[in-house]
Every structure is written in structure tokens, then in C-alpha cells.
Amino acid sequence: MRVFIAGIDGYLGWPLAIYLRAHGHEVAGADLLLRRQWVAEVGSVSAQPIASREERLRAFHETFGAALDFRVGDLTDYDFVKAFFAEFQPEAVVHLGQMPSAPYSMIDQAHCVWTQQNNVINNLNLLWAIKEVAPQAQLVKIGTMGEYGTPNVDIPEGFFNVEFRGRKDRMPFPRQAGSWYHQSKVHDSHNTHFASKIWGLRATDIMQGVVFGTHIAEMGADPRLRSRLDFDQCFGTAINRFCCQAVIGHPLTLFGLGRQKRGFLPLADSMACLRLAVENPPAPGEFRVFNQFENAYSISELACMVKEVAADIGLDTQIRRYDNPRAEMEEHYYQPDRERLIELGYQPTRDIKSVMKQMMLDLIQHRDRIEAHADALIPDIRWDGGRKRSEVIG
Ligand code: USQ
């Protein structure tokens, strides 16, 4: 299948290009290389060194014996997107090309507005380009479990049956996002649903949990093929940050009570699920929603797992509570469904501790890079728009 990857240089986009090519698909993609700039802007680097675009392309060619059409371009530039689609004629478009950080979107007015402008407009451009150039192609859109928030009821996959004043309907489940970034994904969900309804587009909206991991088997041993791994307060996410903290002997940073629950999944599971979505498209006009995660865990449960795995490889780790820079519930009910991908064949990785161990073994080799940017580990971006470094509270 011809698969276009929007955001092909990112944490998910680059591994997906390798994974889909290794599984027989033809891949092309675009990226403006912004993730590299954002991480520098917040004073950090990828813990794993990553190759330049040119080196990545050379390594891809040598590994797969075929060139990769990876262009530097802006997805908010409609002419660029439309012309690329007209040439490549995608059968599936996987949209991973957005600003993905909740804290980054909360920095100030400019970061909030830029995030929503970039994310909402580039998704609209992909929808329009599919409609105008490749109307049979499926859009596989990365949304987030965070679109739902943490309601005090079970979370279905996108839709639920409602009975109100004696009448019944199947309706979108409420979205109650927790950051300007998560809000941008809510707008995308609404726009994508609307586009599939009016134009008969095929779309899968993936409500993905927090992804963790340093590599996938399909990358082999070539260091030029490996993925980035961030640990700063904006682009580093919970397990990735904890593993980086463990390898430099920094306390694991639980925010607030640490009893917040989220869905998590290894990078390899994310790749497998995206492939399942691509290879099993919905019918024309169908807008389907998949909740994509291996399992739900509390943040303190994960920190304890990281501490235990770190001990196995001789690392002594402390867990500390920091005052929470975010406005979020720290203790809540959390019961999201996760059936649709299982029905398509998803087999969740059960042994997530071995993924953590592999990560730490990979990261130990880059301890110096993390230590040199350890300042970026402590959050100071506050949900009220202010800046104040979090302190240890327990
Ligand atoms: N947290 C800590 N300590 C840390 C980092 C995070 O306690 O050092 C807590 C946060 O307070 C939050 C939870 O862990 O309650 C998750 O935070 P996160 O930074 O790992 O993830 P989040 O900001 O929710 O965003 C990430 C990705 C985003 C994706 C989302 C999926 O950056 O692109 O959409 O995960 S989800 O969380 O399901 O919304």
C-alpha cells in the first residue's frame, strides 16, 4: 500500500517509515523538522543522538534498497501538501505531524495560539488534499486519550449510546481535554468527523496513550536508523523521562500525588496498531475511533516499576513527589475501553518491564547527554501561564 506519513522525522513518524517499509509498504512523507527546533528551544536534546535527515535517508536506502521520498515541507502550506499527494497518490495518510506537547502549548499566548493554528490547519489541509486528490485514501489521525480527560464513568471508543428525556441516540463521547495542545486534538476530531460525513472520507481517529521506548526491532543495529528519545519537561513523557532519570541517578519526578492514571504503550505496540489501522481501512464515509494503549497505570505504579527494573541493572533510584505544575486531577476513576484494535489482531506487549530494561540499557550509553541537560528535567511551565520551578514535596 502507498502510505504517506505526515511528520516523518518525529518520535513516531521515523520508526513508522521503517516499520511499514519492512512490512512491504511503499512510504513517503513530509516534515518541517520542527521537533528538532522545539527541543532545542526548551534547552534540551534527544537522549539518543539522532542522524540528520540526509544520513537517515542514506541509511534507509542502504537498508531497504530503495530511496525514501521524505521532503522538508510545511503541512500548513496547502499547495505543498496537494502537489505531493498528486504525485504520490497515497492510499493511506498517517498524520503524526503536529506539535505534541501539553506543557509547550501552555507556555504563553504565542505558544498556545501557534499550537492550535499549526495543528488544526495542517489537519484541515490533509483532509482537503485527500478529498481533492486521493478521495479513496484513509486518514489515520493521531489523536490522544487525553481528549477524553478523566470522567467519572467508563470511556468508550469515541461514541456511546445516550438516552435523554425518553429519546435515544449514538453520540460522540464528551471531550474534556486538559491542555491547549489536547484541545487542538479535540478540534481535529470534530473536523475529521465532519469531513468524513460530508465528503464520504474514510477516517480513523486514534486516541493514543503515552508512548514509551527507544527502538523497534525493524531498526536493526544501524545507529542512523534509531529514533529520538526526549526527556525534557515538554517533549519527554512519563516513562521515557523516568528511565532517563534512573540512568543518571536523578529522583523520579512524580507530579503531585502521582495517582493520576493514563493509558501507556510501547513504541513497538504503537507501530503495530498503526499498521493494523492502515491495512484495515474503514468504509467510505466511516469515521471510526480506536483507543490505543497497552494498559492503564497510575504514574506512581510506573515509577515503582522503573525503580525495580533499574535495581535489576544495578541502579539505585529514589522516587520524589514534586508540586504539580499542571491543573489536573491527581486521583480519579479511569476505565477506558480498548477492544477495537484487539479485534483487528493487536496483541499487547505484556512484559513492559523488559521494554523498560532495554530502554535503560540503551540510555546508559548516553548518560552524559542527559546529565548535561539535567536542568530540563524539572518543570517550571505552569498551567496558569506563569513560570515557577517545581519543588520536592514528598
Ligand atoms: N507526569 C509526572 N511526572 C513527570 C511527567 C509526567 O507525574 O515527570 C504525569 C503528568 O502530570 C500527567 C501524566 O504523567 O498526569 C502524563 O504526562 P506526560 O507528560 O507523560 O503526557 P501528556 O502530557 O499527557 O502527553 C503525552 C504526549 C502527547 C500525547 C499524550 C497521550 O506528549 O502527545 O497525546 O501523552 S495522553 O496522556 O493519553 O493524553
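Observations on the structure shown:
- With respect to (1) open to solvent by less than 40 Å² (accessible area, probe 1.4 Å); (2) more than 12 Å from the ligand (Cβ to nearest atom), the lone exception for Ile378 is condition (2).
- Residues within the range 104-141 that are farther than 30 Å from Pro379 by Cβ, open to solvent by less than 40 Å² (accessible area, probe 1.4 Å) and either touching a residue at least 60 places away in the same chain (Cβ under 8 Å) or among the aliphatic types (A, V, I, L, M) (or both), tallied: 10
- Of all residues making up the range 133-155, the number that are among the charged types (D, E, K, R) and out of contact with any Pro (no Cβ under 8 Å at 6 or more places or on another chain): 2
- The range 33-52, residues that are under 26 Å from Asp269 (Cα atoms) and either among the aliphatic types (A, V, I, L, M) or touching a strand residue (DSSP E or B) at 6+ places or on another chain (Cβ under 7 Å) (or both): Leu33, Leu34, Val39, Val45, Ala47, Ile50, Ala51
- Look at (1) more than 9 Å from the ligand (Cβ to nearest atom); (2) in a helix (DSSP H, G or I); (3) under 21 Å from the mean Cα position of the chain (by Cα) and you find that Tyr334 fails only one, number (2).
- When Asp154, Asp169 are screened for being under 22 Å from Glu328 (Cβ atoms) and loosely packed, with under 14 Cβ neighbours inside 10 Å, only Asp154 passes.
- Selection from the range 32-62 of residues that are over 18 Å from the mean Cα position of the chain (by Cα) and open to solvent by 60 Å² or more (accessible area, probe 1.4 Å): Ala40, Glu41, Glu54, Glu55, Arg58, His61, Glu62
- Hits in the range 245-293 - residues which are assigned to a loop (DSSP other than H, G, I, E, B), away from the ligand (no atom under 12 Å from the Cβ) and within 30 Å of Thr192 (Cβ to Cβ): Asn280, Pro281, Pro282, Ala283, Pro284, Gly285, Glu286
- Given (1) open to solvent by 30 Å² or more (accessible area, probe 1.4 Å); (2) in a loop (DSSP other than H, G, I, E, B); (3) within 15 Å of the ligand (Cβ to nearest atom), number of the condition Asp232 does not satisfy: (1)
- For the range 178-215, a residue qualifies if it is β-branched (Val, Ile, Thr) and within 20 Å of the chain's Cα centre (by Cα), and the qualifying residues are Val186, Thr192, Thr204, Ile206, Val210, Val211, Thr214.
- Qualifying residue in the range 168-184 (condition: hydroxyl-bearing (Ser, Thr, Tyr) and in a helix (DSSP H, G or I)): yes
- Flag not set for Arg224, criterion: touching a strand residue (DSSP E or B) at 6+ places or on another chain (Cβ under 7 Å) and open to solvent by 40 Å² or more (accessible area, probe 1.4 Å).
The values are calculated or read from the model by the stated rules, or taken from the named source; none is laboratory data. These numbers come from a predicted model, not from an experiment. Neighbour counts are summed over all protein chains in view; Cβ atoms, including those assigned to glycine, are modelled from backbone coordinates with ideal geometry. Heavy atoms of the whole protein, side chains included, go into the accessibility calculation; ligands, DNA and RNA do not. Shrake-Rupley method; radii C 1.70, N 1.55, O 1.52, S 1.80 Å.
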